[in-house]
Each structure stands twice: as C-alpha cells, then as structure tokens.
Amino acid sequence: MTRRALVFGVAFVVFHGAGAAAQSSTVEFTVSGSSTVRNWTCTAQGVIAVTPATSAAPVPGFATGVQAATVTVPLTAFKCPNDEMTQHLNETMKSGEFPEIVYRLEKYAVAGAQAQATGTMTITGVSKPVNMPVTLTSSDKGVLVEGNTRLEFATFNLEPPAVFLGMLKVGPQIRISFKGTIAR
C-alpha cells in the first residue's frame, strides 16, 4: 500500500454529505516525527462524525458504506511535550492564518476490515491528494476507526522547524495517526 506524506496532524474528523444524519464521537489524533536531538509527539482531541451512504461499498459497521468524509484538525488543540514545541508547531503551521487542517474523502476501496481512503488534504491553504489506509472494527459500542500515514513538510510548502541557531532541526517527514469510536 502506498502511503503519502502529510503534515502535522488530523484530529477533528467529520464525514458529511446528503442522505442520512451524521453520527459523531471524539477522536484522538497524534503527530510525531524526528529531529536532530530526539523523536517527538504532539497530540490533539477532536470529533469524528460519519454519514452513512444509501448504497456504496460496505465497510465494517456501515453495511451501506460511507457517503463522504471530511477530517478537520484545529491546530490550537495540539499539545506537545512542552509549550515551546507547541508554539513552534503553531508557527510552522501558520495557525493564525490557517487554523485547521482539512482532509476530504473522495473515494475508498475496501479489503476486509481495511479501507484505502483517497482524498484531498488541505494544510496552510495548499490542497494535495493523500491516500491513507484506515482500519474499521465493528463492536457493541460502535465502529472503531484507526488510520495513519506519513507526510512530507515540502508537499505543503512548509519548512520543518529549526531552532537554537539551526542546531535542532525537525526531520522532513511526520507520521499522523488517529483513533476514535463512532457510536451507533
């Protein structure tokens, strides 16, 4: 499976479209990467909502499929190991001008509990295609949705942060992952 690089995060997920009403719950989002000093991880909490389709490829927990998806991550929701790292993340992501990251699902292919999501990611106003593997697990509580992918800063015209006169540099790739249960 091809994994595409993204940038800092996906935390608030909303599936929408015409048809049935959306179902929503919280989602945990993590962005992690490396630097010349140490590996790092920042987390955020958001919302995941799903609008079932009336006739699309079925996925676990959604017998008639999912019509559309939009993932939105509010940048100010991120918490890093220290306030300085959180500040660098917000400066790099230009959170004052672009307060969120948005992923819009365009289509998906299903193989068992795994779906390959294809959509458009928008970060700092730059929209690029992103493919992401997503696992869906049905349970009594709802549908557990988990996904992760690697992203490149350069894909979204961003420079990895460098501090302490360039002695500490963040690596060019990050990994984003998210996990949440959609109640039924």
Of every Cα-Cα pair in the range 12-182, the percentage lying beyond 30 Å is 20
What are the extents of the Cα atoms of the range 106-184 along their three principal axes, listed from largest to smallest and rounded to whole Å? 53, 24, 20
Taking the alpha-carbon distance from K94 and a cut-off under 30 Å, which lysines remain once sequence neighbours fewer than 8 residues away in the same chain are dropped? K79, K107, K128, K169, K179
Would you mind computing Rg(Cα) / (2.2 N^0.38 Å) for the range 71-143, counting N as its residues? 1.38
Summed residue charge, Cβ within 11 Å of T72's Cβ, Lys/Arg positive, Asp/Glu negative: 0
Along the positive direction of the dipole of the range 12-182 (beta-carbon charges: Lys, Arg +1; Asp, Glu -1; about the Cα centre), which of F153, N131, V170 reaches farthest? N131
Ranked C42, C80, criterion: other C-beta atoms within 10 Å, fewest first: C80, C42
Using 0.36 nm per residue of separation minus the Cα-Cα distance, give me the extension gain between E91 and V163 in nm, one decimal. 24.7 nm
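Every number here is computed from the coordinates shown, using simple stated rules; none is lab data. Predicted model only: the values in this text are computed from it and were never measured. All Cβ positions, glycine included, derive from the backbone under ideal geometry; neighbour counts span all protein chains shown.
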